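Readers should treat all values here as calculations from the given coordinates under stated rules, not as data from a laboratory. Values in this document were obtained by computation on a predicted structure and should not be read as measured data. As a convention, Cβ positions derive from the backbone with ideal geometry for all residues, glycine included, and neighbour counts pool all protein chains shown.
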Amino acid sequence: MEAGKRINVVTKILAANDRVADENRRRFAELGLKVVNLISSPGAGKTALLEATIGRIRKDRRVGVIVGDIATTKDAERIAKHDVPVVQITTESFGGSCHLEASTIRQALDEIPLKELDLLFVENVGNLVCPAEFDLGEQAKVSMLSVTEGEDKPLKYPLAFQVANLVILSKVDLVPHLRVDMEALRANVRQMNPKVRTLELSSQTGEGFDAWIEWLKKP
Ligand SMILES: Nc1nc2c(ncn2[C@@H]2O[C@H](COP(=O)(O)OP(=O)(O)OP(=O)(O)O)[C@@H](O)[C@H]2O)c(=O)[nH]1
Ligand SMILES: [Mg+2]
């Protein structure tokens, strides 16, 4: 395909996605539902974060989860153990897409009791590139980077940090065991998105969770 045609096609795909995202957003607003889209590379700790969050917030907020993966229902099984409504999307059944789209979310919404929820998490497919391009109609994008991934990652994968409403630096319990320069990591996040709030936390120890739960409870 010629470069110009390819750009046209990509532009159309994104425009079609944005229309459905706007419909989702209207629906969420009517329901008074806060929707948080969690983006990170594979293994940064998205599911672990959700598992550690549910118990801490469930007395104040009714939580549901939509989780996207290319294959398996492993993450949904982990979340279901915490006794909250969860829907697993596996993209291998429609081409193995590396991200979730607004139309996929719209379909998944039929499988979850939206009226009974206050807070809906979307765990996007593990990937620090494509998910950042697709608006789902969420209220906030939370981009997560674990301290094991390297200080340079915000510079190499800029969009995920530029579109984020909140950045989480995860697995901080591991910092004493690593040669990670946390000041450089923070500076690289700031370089990509000077105004974004950054939370540093560990789903293993609970460090940093008070600020995260407080952020989630904000209207
Ligand atoms: N030490 C430490 N390990 C963590 C923490 N959070 C997650 N992990 C570990 O990191 C690994 C990946 O965690 P997951 O929660 O599966 O990561 P994920 O981002 O959901 O992965 P995908 O869904 O495959 O993209 C697991 O072995 C977790 O136990 C943390 O705060 N500290
Ligand atoms: Mg996961």
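Dipole check for the chain: with +1 at the C-beta of Lys and Arg, -1 at the C-beta of Asp and Glu, and the Cα centre as origin, the magnitude is about 420 Debye. Just check the chain against the gyration tensor rule for me: Cα atoms, a ≥ b ≥ c as the square roots of the eigenvalues, rounded for a/c under 1.5, and otherwise prolate or oblate depending on whether a/b exceeds b/c. Here the chain falls in the oblate category.
Neighbour counts of C-beta atoms inside 10 Å place Glu116, Glu77, Glu151 in the sequence Glu116, Glu77, Glu151, starting with the fewest. Sorting 134-140, 173-179 by average packing, meaning the other beta carbons within 10 Å per residue, from highest down gives 134-140, 173-179. One chain, two ends: Arg106 and Asp18. Fully extended at 0.36 nm per residue, the span grows by 30.4 nm beyond their Cα-Cα distance.
Our coupling estimate for region 40-54, obtained by passing each phi through the Karplus curve with A = 6.51, B = -1.76, C = 1.60 and θ = phi - 60°, is 6, 5, x, x, 5, x, 5, 5, 4, 4, 5, 4, 6, 7, 4 Hz, Gly and Pro reported as x.
Cross-link pairs exceeding 18 Å between alpha carbons, from the set Lys171/Lys217; Lys46/Lys115; Lys34/Lys217; Lys59/Lys217; Lys46/Lys74: Lys171/Lys217; Lys46/Lys115.
Alpha carbon centre of region 124-202 versus region 40-87: separation in Å? So the separation of the two Cα centres works out to 19 Å. Here the contact order of the chain, divided by its residue count and restricted to Cα pairs under 8 Å and six or more residues apart, works out to 24 percent. A cut-off of 5 Å between modelled amide H atoms, ignoring neighbours fewer than 5 places along the same chain, links Val35 with Leu120, Gln139, Ala140.
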